[in-house]
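Single-structure report; data block below.
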Amino acid sequence: MPTLHWVGKDKVINHHHEVPFRVLNTQSTFSATEGAPANTTANRIIHGDNLEALKSLLPELEGKVKCIYIDPPYNTGNEGWVYNDAVNDPKMKKWLGQVVGKEGEDLSRHDKWLCMMYPRLKLLHRLLTDDGSFWVSLDDNESHYFKCAVDEIFGRDCFIMDFIWRKRDGAPNDRKVGSVHEHVFVWGKKRKVGAKQTLAEENFQLMPRTEKADAQYRVFSEPNGPDPRGAFRKIDTTANGKGGRYVESLNYAMVNPYNGTEVWPRKGTCWRHNQEEMQRLQADNRIYWGVTGTATTPMRKLFKFEAKNGMTAPSIWDDVGLNQHATSELEQLFGHKAHFDTPKPVSLLERIVQIATQPDSIVLDSFAGSATTAHAVMKLNAQDGGQRRFVLIEVEDYADAITAERVRRVISGYGTGAKAVPGTGGGFDYCALGEPLFLSDELLNEAVGVEAIRSYVAYSEGIPEPERTMPDNPHTPYLLGLNRETAWVFYYEPERATALDVDFLASLRFPKSANTAVAPKPGTAIIYADRCLLTKPFMAKHGIVFKKIPRDISRF
């Protein structure tokens, strides 16, 4: 597969590994007003750099996010975004803190944008479930470069669709040609070998039926009166024979039941169905011969009562709101004009979330902006009783005043009089990035707390959640996880150095018999400590693996 190269790519391919792991600190919690449903979905808004925030989410959410939507800077030269990733390279350090300029003014603008996006894409990919999907809004400034970069990470065969969203009614009049659309790219995370579509697409929901789609079904006049089964739409019974699609056995004569004449497929076509199937359809009055029964090409009836409850999403979306609608939505929410450039309409995000999720899915937006994604999630939950959970990340100073405030108002209700909108209920935690887990000298940062360190080590060891243990377990307060084969022990004390010795082993309470309510002694014990006083032969005999704190704690 062809790949895209840009200045700095070799420096950022693995930059996500160099990003410090920071703990997340809850600053406040907002719950529904009295009388509204309580928050049961653990929603979260994080204020901070999304690269660091995404990494901080890995222990909790890796492989668990069903739908990711992002609306990154379009790199038009007008957003004033700044490249701020601390990549250890002299050329890229020159970019730090500099506003990215317009086309022709800044020759490295596309390189900077791709360098900013690439490590974030790597982390987003890790957060998705295997059947999850990744949705991105972009215009033509970076869309072609971006698709190449994402294809490299997700795989070209995991690309699903470039949806075209009509964002405005009329073209801008500053040029003789004008764009009225943006792209919404979609990828799935995985695709089975030989499968026609990704796991994500296999699990997509059909779109709700629209009035426009239902309008295709009508009650048509027929020689013997309207069909008592009701409205139907007409489907062509012939197939184009070009390109090797002509099938000789499907070229036969049908008999018109009203006048007895033979009817053949039009020149260059053949029937879609074999003769036996066509006779079955005719016997069931599922072939339409026109008002007078003299049609030269009969049509098949597809009845409305047989239609699916939903419909396939077309690749062009002109019915999910415009930019101007999104601006009006913000004005209604805040009661005044919100100074926020190019927000997305809620109906656009509703469609994405409706297609891509189940009622209990997690939805992530790491360029949260005005929180349209959260609004759509809460609105859908209110409609179908779902428990979808949202996680938003926003780096700008308006994270509380706009991003979180919008969510508060959607939860509580907003507007007055005839324009009043009832609250959806729910709640969220407002978080900020805290201390790094590791200090610059690679020592553990005790300020983050023992529980944060335990959680990180359990994740780095790959201990499944059902097998993780709390300090109040019956074996030892240092136990991280346990199954019948392995015990993971993190012997750590902030105030003193710990030693793995015979006395510590004697303190571990694992019964020898399996005939007990307490788990039996596992065959292998992976034990972290500051130092080890046991001999290698002794550890080999007893199935003990020593890992030194902090040297052997994996970085990711």
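Can you go through Ala404, Ala371, Ala432 and tell me which one is in contact with a strand residue (DSSP E or B) (Cβ under 7 Å, 6 or more places away or on another chain) and on the phi > 0 side of the Ramachandran plot? After ruling out the rest, the residue left standing is Ala371. Restricting attention to region 223-244, the residues that are out of contact with any Gly (no Cβ under 9 Å at 6 or more places or on another chain) and over 26 Å from Glu306 (Cβ atoms) add up to 2.
What do you reckon, is Ser455 out of contact with any strand residue (DSSP E or B) (no Cβ under 8 Å at 6 or more places or on another chain), touching a residue at least 60 places away in the same chain (Cβ under 8 Å), small (Gly, Ala, Ser) and not assigned by TED's automatic domain parsing to the domain that holds Arg389? Criteria met by Ser455.
Considering region 9-42, and only residues there that are in contact with a Leu (Cβ under 8 Å, 6 or more places away or on another chain) and assigned to a loop (DSSP other than H, G, I, E, B), the residue that is modelled with the highest pLDDT turns out to be Phe21.
Checking each residue in region 50-107 for being surrounded by 17 or more Cβ atoms within 10 Å (Cβ to Cβ), in contact with a strand residue (DSSP E or B) (Cβ under 6 Å, 6 or more places away or on another chain) and either modelled with pLDDT under 65 or part of a loop (DSSP other than H, G, I, E, B) (or both) picks out only Asp71. Among the conditions (1) modelled with pLDDT under 90; (2) assigned to a helix (DSSP H, G or I), Pro474 misses just one, which is (2). Is it the case that region 231-241 has a residue that's closer than 30 Å to Ala283 by Cβ, touching a helix residue (DSSP H, G or I) at 6+ places or on another chain (Cβ under 8 Å) and part of a loop (DSSP other than H, G, I, E, B)? Yes, because at least one residue in region 231-241 is closer than 30 Å to Ala283 by Cβ, touching a helix residue (DSSP H, G or I) at 6+ places or on another chain (Cβ under 8 Å) and part of a loop (DSSP other than H, G, I, E, B). Only one of the numbered conditions (1) of a type in the set (Gly, Ala, Ser); (2) at pLDDT 95 or above; (3) under 19 Å from His183 (Cβ atoms) is not met by Ala326, and that is (2). Beta carbons closer than 8 Å, at least 6 apart along the sequence or on distinct chains, pair a first residue in region 5-29 that is closer than 14 Å to Asp429 by Cα with a second that is β-branched (Val, Ile, Thr) and part of a strand (DSSP E or B) for Leu24/Ile46.
If the requirement is being among the hydrophobic types (A, V, I, L, M, F, W, C) and more than 26 Å from Arg245 (Cβ to Cβ), which of these qualifies: Trp271, Trp264, Trp317, Trp289? Testing whether each residue is among the hydrophobic types (A, V, I, L, M, F, W, C) and more than 26 Å from Arg245 (Cβ to Cβ) leaves just Trp317.
Among residues of region 241-254 that are assigned by TED's automatic domain parsing to the domain that holds Glu277 and surrounded by fewer than 13 Cβ atoms within 10 Å (Cβ to Cβ), those with a Cβ under 8 angstrom from a residue that is at pLDDT 85 or above and not in a loop (DSSP other than H, G, I, E, B), sequence gap 6+ or separate chain, pair up as Arg245/Ala239; Glu248/Cys270; Ala253/Glu262; Ala253/Val263.
Residues that are at pLDDT 95 or above and farther than 30 Å from Gly132 by Cβ within region 191-216 are absent altogether.
When residues in region 515-546 are screened for being at pLDDT below 95, under 43 Å from the mean Cα position of the chain (by Cα) and assigned to a loop (DSSP other than H, G, I, E, B), 8 of them pass.
Pairing residues of region 370-385 that are closer than 9 Å to Thr424 by Cβ with residues that are hydroxyl-bearing (Ser, Thr, Tyr) and not in a helix (DSSP H, G or I), at Cβ distances under 7 Å and at least 6 apart in sequence or on separate chains, gives Met378/Thr424; Lys379/Thr424; Asn381/Thr424; Ala382/Thr424. Of the residues examined, Asp169 is not one that is exposed (fewer than 15 other Cβ atoms within 10 Å of the Cβ) and either among the hydroxyl-bearing types (Ser, Thr, Tyr) or free of Cβ contacts under 8 Å to residues at least 40 places away in the same chain (or both). Screening Thr296 against (1) farther than 30 Å from Arg218 by Cα; (2) surrounded by fewer than 21 Cβ atoms within 10 Å (Cβ to Cβ); (3) touching a residue at least 24 places away in the same chain (Cβ under 8 Å) leaves a single unmet condition, (1). When Ala295 is tested against the conditions (1) within 45 Å of the chain's Cα centre (by Cα); (2) in a loop (DSSP other than H, G, I, E, B); (3) outside the structural domain of Gln358 (by TED's automatic domain parsing); (4) hydrophobic (A, V, I, L, M, F, W, C), the lone failure is (1). Taken over region 315-331, residues that are of a type outside the set (D, E, K, R) and within 18 Å of Tyr398 (Cβ to Cβ) amount to 3.
The values are calculated or read from the model by the stated rules, or taken from the named source; none is laboratory data. The model shown is predicted, which means the values in this text are computed figures rather than measured ones. FYI the Cβ positions are ideal-geometry reconstructions off the backbone, even for glycines, and counts take in every protein chain you see.
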